Amino acid sequence: MIRRFFAACFTLALLLFAFVAWQTRRDLRPLPSSLNLAGSAVRKAQVVDRRGVPLSVTYQNEWNLHDQAALHEIPRLLQQAFIQSEDRRFHRHHGVDWRARVHAVWQNITALQTVRGASTITEQVVRMLHPRPRTIWSRWLEGIEAGRLEERFSKAAILEFYLNQVPYAHRRRGVVQAASLYFDRDLTTLNTRELLTLVVLVRAPSAMDLRRDCERAAQAVGRLAGVMRANGTLSDDQYQRVMSGSWSLSTMRLPVEAGHFIRYLQRHSLTDEKPAPAANHSGKLPTTLDASLQQHVQQILDTRLQDLRDSGVADGAVLVVDHQSDEVLAWVNGGGLSQEQAGGWIDAVITPRQPGSTLKPFLYALALEMGWTAATLIDDTPLVEPVGSGLHRFDNYSRRCYGPVRLRDALGNSLNIPAVRTVQFTGTKRFLDVLKQLGIGSLRQPADHYGAGIALGNGEVSLFELVQAYAAVARGGVFRPLRTVRHPAPRQRAAQRVFRAETAALIGNILSDPQARRLEFGAGHLLHLPFQTAVKTGTSNDHRDVWTFGFSSDFTVGVWMGNLDRKPTRGVTGTSGPALVLRAVFAELNRRREPKPLQLSCRLMPAAICRHTGLRAADHCPVMQEWFAAGTVPAQYCLPAGLHDTDLRQPATHQPERNVALVQPTPGLKLVMDPHIPDDMEAFALIIPKHLRPEKVEWLVDERLEQVTAAGENRFMWPLSAGTHTAQARIWQAGKARPLVTPPVRFQVK
């Protein structure tokens, strides 16, 4: 019987052993081939600048992929403290400290509760790699896997992994993230008390939260410091400093503010669930931003906004681009609504605003493409155009008119009337098509919605779109989308040539010519930078939006100022507001990279022209040099002896020939008599086109002859009379037996 009993027990033990062995083999999990976590799943990428400087933080990944330190970078005292606190025989055991485990079992039995776990650092690493419920069976498996882990990896590799992945409160992992969380400092700058604090916090991260209750943590630090003094790890002096010291807690701050840029990336490049293809194996998304430049530009903008506070300017934005590589280098918002206050989510870089005169360079580039030259004369005389059932008078900013002006002067001085006449020549639809080719997609309405006012910025576009468009001109007329990620997905929009290289070069030459802007801006102006830089300003209605754009040989910069709540400023213009920011930004850029002159296309050729007529210069003409594309140099010479006959100063034709018609009134026009002016003193001008050059004009209102004007006169001041009227003109020209008769135009006077 006894034999059978022992045989049965032996068989049962064998079966139990076999079952345990089978179950153990079944439940053991494979160990990683490496502890560097390469290829780990990334839930959310950390955004970094072009040199790896962090622009964002995330704690949503399973592992700490971003804030790691090599073992030799972690203070030696911190390593010793962790070993003393968590695993005293770390360097002597082979994964499991059996002596500590037996001692822990005895302590738990004596106390009738679990007071000690005795897990080694290696076993804790296994627990991180293979999370399991806290059971006796789990401890058995962890012990076996800990032994295998130490067979595969060195003690140094295991300790480094542990120090970088040990959990803390608020989803932080590792001592680097813990140092940032509590002290906002690097590990190497922490004092002895702070280093020991990082050690004791891992025992109960939530219960020992320093910001809620630091007493428990202080007691634990004191006990650990006492043990380390007893074994000689801490000197008496270090111990005294630990016991007498206190914590100075700080909130973690990123080295540079780039929140709006990151939100743009999240909308266009990545999502919270899946990082962009460009995110590397460390879980970082390398971007084109330059953190150092971002910080400098932020300071420049904030300082200037502070200076302009009394002028009613609260907000601003700056976008800096390397147009050679198409990379965004700085994406800066500043001021009120763009930061801490309510509405701080508004990004002024991508918010559409009225562009003022900033579209004019693209308009004149289109005119050059259509056959005009920088010497083409454009009529800068008073201009009234129909808008709906009324009339709108266009004025230059200074309210002055200069007569026929060369295209160079019209663009350089940002004259409004020549711009309107230029868009009448190019056509609004064609101009809108060019703007869309330049990446300006905010102008979604049809051409007739904007009319000629598009030349003066009556639509709304964003700073991002405008910088992208100016970069295309700086690039020689080639449009390429701006890049924000350093290693974007392979499929990109192909480069598209919008303007010829000679057209783009000529626009850059005009915008960098201080002589071309003397009429309106004078000499020695803020827009004249130390190195050749093309500059253009813009101011919208009521000074709500003020802009300055510039490009050098390598960089394109755009600055916007105004108020995100759309309040007008107090008379701030592009030159009085953002121009100083532009100068300071280019000074910083030129300090980083030696500037070069703007490239002038080899397809442009110089020619001496008369300043007054734009024709080839003759004797006694005031001469200047102008650049022309091949085949566009004026063939006609100016009159000798400086006799600049008005016949030689005829402006370019702005519209194709059409049937003779009244310029004013326009069909359906509605006029209102002013009650503050006596009725017999009110008059309205009836006007015919200038180019008709009449010998005389017979003016008819309601089929009755009202007046006959002499040769060269193209207008008649008709005394206003209430009612509905029709107007016509009979135009007699030299050498013609019959007059030209304009179609009747019906209009109303109230």
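The values are calculated or read from the model by the stated rules, or taken from the named source; none is laboratory data. Bear in mind the structure is a predicted one, so any value in this text is a computation, not a measurement. Glycine gets a Cβ as well: all are built from the backbone with ideal geometry, and neighbour counts include every protein chain shown.
One table, with the values for the structure above:
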| read-out | value |
| --- | --- |
| Complete set of residues in segment 428-445 that are farther than 10 Å from E465 by Cα and in contact (Cβ under 8 Å) with a residue 12 or more places away in the chain | T428, K429, R430, F431, L432, V434, Q437, L443, Q445 |
| Qualifying positions in segment 156-209 - charged (D, E, K, R) and within 20 Å of V125 (Cα to Cα) | E160, R171, R172, R173, R203 |
| Test result for D380, more than 31 Å from the chain's Cα centre (by Cα), surrounded by 22 or more Cβ atoms within 10 Å (Cβ to Cβ), within 30 Å of M624 (Cα to Cα) and not hydrophobic (A, V, I, L, M, F, W, C) | yes |
| Residue match in segment 458-465 (condition: of a type in the set (D, E), surrounded by fewer than 18 Cβ atoms within 10 Å (Cβ to Cβ) and in a helix (DSSP H, G or I)) | no |
| Count of segment 589-607 residues which are touching an Asp or Glu at 6+ places or on another chain (Cβ under 8 Å) and either within 20 Å of A472 (Cβ to Cβ) or surrounded by 12 or more Cβ atoms within 10 Å (Cβ to Cβ) (or both) | 8 |
| Residue satisfying all of: in segment 592-643; in a loop (DSSP other than H, G, I, E, B) and of a type in the set (S, T, N, Q); nearest to F499 (Cα to Cα) among these | S601 |
| Some residue of segment 406-424 being in a loop (DSSP other than H, G, I, E, B), farther than 16 Å from G356 by Cα and either out of contact with any helix residue (DSSP H, G or I) (no Cβ under 8 Å at 6 or more places or on another chain) or assigned by TED's automatic domain parsing to the domain that holds F479 (or both) | no |
| Residue that is modelled with the lowest pLDDT, among those in segment 558-582 that are part of a helix (DSSP H, G or I) and surrounded by 21 or more Cβ atoms within 10 Å (Cβ to Cβ) | A579 |
| Qualifying position, being of a type in the set (G, A, S) and under 30 Å from A494 (Cα atoms), among S414, S442 | S442 |
| Residue tally, condition part of a strand (DSSP E or B) and under 58 Å from the mean Cα position of the chain (by Cα), over segment 675-729 | 20 |
| Count of segment 287-329 residues which are of a type in the set (A, V, I, L, M) and within 16 Å of H543 (Cβ to Cβ) | 4 |
| Per-region count, segment 181-195, residues buried (at least 22 other Cβ atoms within 10 Å of the Cβ) and polar (S, T, N, Q) | 1 |
| Residue check, L366 of a type in the set (A, V, I, L, M), assigned to a loop (DSSP other than H, G, I, E, B) and in contact with a Lys or Arg (Cβ under 9 Å, 6 or more places away or on another chain) | no |
| Boolean, V256 is surrounded by 14 or more Cβ atoms within 10 Å (Cβ to Cβ), among the β-branched types (V, I, T), modelled with pLDDT of 85 or more and under 30 Å from V47 (Cβ atoms) | yes |
| Residue list for segment 121-165, restricted to those being acidic (D, E) and either within 24 Å of L196 (Cβ to Cβ) or touching a Leu at 6+ places or on another chain (Cβ under 7 Å) (or both) | E123, E145, E160 |
| Verdict on A629 being surrounded by fewer than 20 Cβ atoms within 10 Å (Cβ to Cβ) and not assigned by TED's automatic domain parsing to the domain that holds D545 | no |
| Members of segment 640-663 that are crowded, with 18+ Cβ neighbours inside 10 Å and at pLDDT 70 or above | P651, L662, V663 |
| Selected residue (criterion: surrounded by the fewest Cβ atoms within 10 Å (Cβ to Cβ)) from residues of segment 730-745 that are hydrophobic (A, V, I, L, M, F, W, C) and closer than 20 Å to E706 by Cα | V741 |
| Scan of segment 150-181 for residues that are part of a helix (DSSP H, G or I) and farther than 21 Å from Q80 by Cα, ordered by number | E151, R152, L181 |
| Number of the condition not met by V313 [criteria: (1) surrounded by fewer than 18 Cβ atoms within 10 Å (Cβ to Cβ); (2) assigned to a loop (DSSP other than H, G, I, E, B)] | (1) |
| Answer residue from segment 106-139, given it is within 17 Å of Q23 (Cα to Cα) and β-branched (V, I, T) and is modelled with the highest pLDDT among those | T135 |
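Okay, residues lined up against (1) of a type in the set (A, V, I, L, M); (2) within 25 Å of the chain's Cα centre (by Cα); (3) buried (at least 20 other Cβ atoms within 10 Å of the Cβ):
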{"position": "R406", "(1), (2), (3)": "no, no, yes"}
{"position": "L411", "(1), (2), (3)": "yes, no, yes"}
{"position": "V420", "(1), (2), (3)": "yes, no, yes"}
{"position": "K429", "(1), (2), (3)": "no, no, no"}
